[in-house]
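The values are calculated or read from the model by the stated rules, or taken from the named source; none is laboratory data. In this text, all values refer to a predicted model and were calculated from it rather than measured experimentally. In this analysis, Cβ positions are derived from the backbone assuming ideal geometry, glycine residues included, and neighbour counts consider all displayed protein chains.
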């Protein structure tokens, strides 16, 4: 919960909005999510194939991949009942796969501290924008001990394209915080996050290491950190990054 002073400062100032992706950015759940999501698709649509490279899809979101997978493998458009079934099956699979006693197991290092610090900062506001379904994203956030109902967010239940999801998150944040945002930064871990930030003209900070970090660099990302420890690394990037990817 914000203090009254923090809430007052947020209303009184023009702020910098930081929009976080979830999988691989806040929660250490990318691999299990990919596996459960592909299994859900295969079960619902009757697909018999190896998990493809998500970057080959037009929209790398749960809704976008489900719709395109149906067209690729079945040669037709997915109906609402099938998409609802994919969503429900994915949630069921994740609830089983993500059972563990310590929530920190599913956190990117320092994620909780980073969110807490930015929530209380008079200079920044935060929102979440995930390419996942809202219900499955909430399962992952809760398992990681990061769910906060006060944070505005958007998901692929709101739009099929990642850029539009980010726009919705920003609009909800503007309404929530009742401020004008002078700058926007997207924090993500995928090549598709880099592309979406570039498309919107937002700053971008990548969360990745090793080969994953190199993929982000090849996509044009400049500001990359392995995780949020120490949180001063994120703050430094937020304060120095310019309006370009």
Restricting attention to the stretch 168-178, which residues are in contact with a helix residue (DSSP H, G or I) (Cβ under 9 Å, 6 or more places away or on another chain) and surrounded by fewer than 18 Cβ atoms within 10 Å (Cβ to Cβ)?
-> 178
Does the stretch 76-88 contain any residue that is surrounded by 21 or more Cβ atoms within 10 Å (Cβ to Cβ), within 24 Å of residue 144 (Cβ to Cβ), modelled with pLDDT of 95 or more and assigned by TED's automatic domain parsing to the domain that holds residue 165?
-> no
Hey, among the residues in the stretch 23-46 that are farther than 25 Å from residue 146 by Cβ and loosely packed, with under 15 Cβ neighbours inside 10 Å, which one's nearest to the chain's Cα centre (by Cα)?
-> 43
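I'm trying to understand the selection: among the residues of the stretch 88-120, which are more than 30 Å from residue 238 (Cα to Cα) and free of Cβ contacts under 8 Å to residues at least 60 places away in the same chain? Walk me through how you get there before you give the answer.
The first filter runs over the stretch 88-120 and keeps only residues more than 30 Å from residue 238 (Cα to Cα), leaving 88-101.
Residues satisfying the conditions are 88, 89, 90, 91, 92, 93, 95, 96, 99, 100, 101.
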Selection count where residues are under 21 Å from residue 223 (Cβ atoms), part of a strand (DSSP E or B) and under 12 Å from the mean Cα position of the chain (by Cα), scope the stretch 153-205 | 3
So which residues in the stretch 220-243 are in contact with a helix residue (DSSP H, G or I) (Cβ under 6 Å, 6 or more places away or on another chain) and over 15 Å from residue 186 (Cα atoms), if there are any at all?
-> 231
Considering residues that are within 18 Å of residue 160 (Cβ to Cβ) and outside any helix (DSSP H, G or I), the number found within the stretch 71-107 is 4
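Considering 220, 233, 188, 132, which residue is assigned by TED's automatic domain parsing to the domain that holds residue 24, on the phi > 0 side of the Ramachandran plot and either surrounded by fewer than 24 Cβ atoms within 10 Å (Cβ to Cβ) or in contact (Cβ under 8 Å) with a residue 40 or more places away in the chain (or both)?
On inspection, the qualifying residue turns out to be 220.
Across the stretch 135-152, which residue is nearest to residue 37 (Cα to Cα) among those that are touching a residue at least 40 places away in the same chain (Cβ under 8 Å) and part of a loop (DSSP other than H, G, I, E, B)?
Of all residues in the stretch 135-152, those touching a residue at least 40 places away in the same chain (Cβ under 8 Å) come to 135-137, 139-141, 143-146, 150.
Right, trim to part of a loop (DSSP other than H, G, I, E, B) and you get 144-146, 150.
Working: 144: 18, 145: 21, 146: 21, 150: 27 Å.
Among those that are touching a residue at least 40 places away in the same chain (Cβ under 8 Å) and part of a loop (DSSP other than H, G, I, E, B), it is 144.
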Conditions (1) assigned to a helix (DSSP H, G or I); (2) surrounded by fewer than 22 Cβ atoms within 10 Å (Cβ to Cβ); (3) at pLDDT 95 or above: number failed by residue 65 = (2)
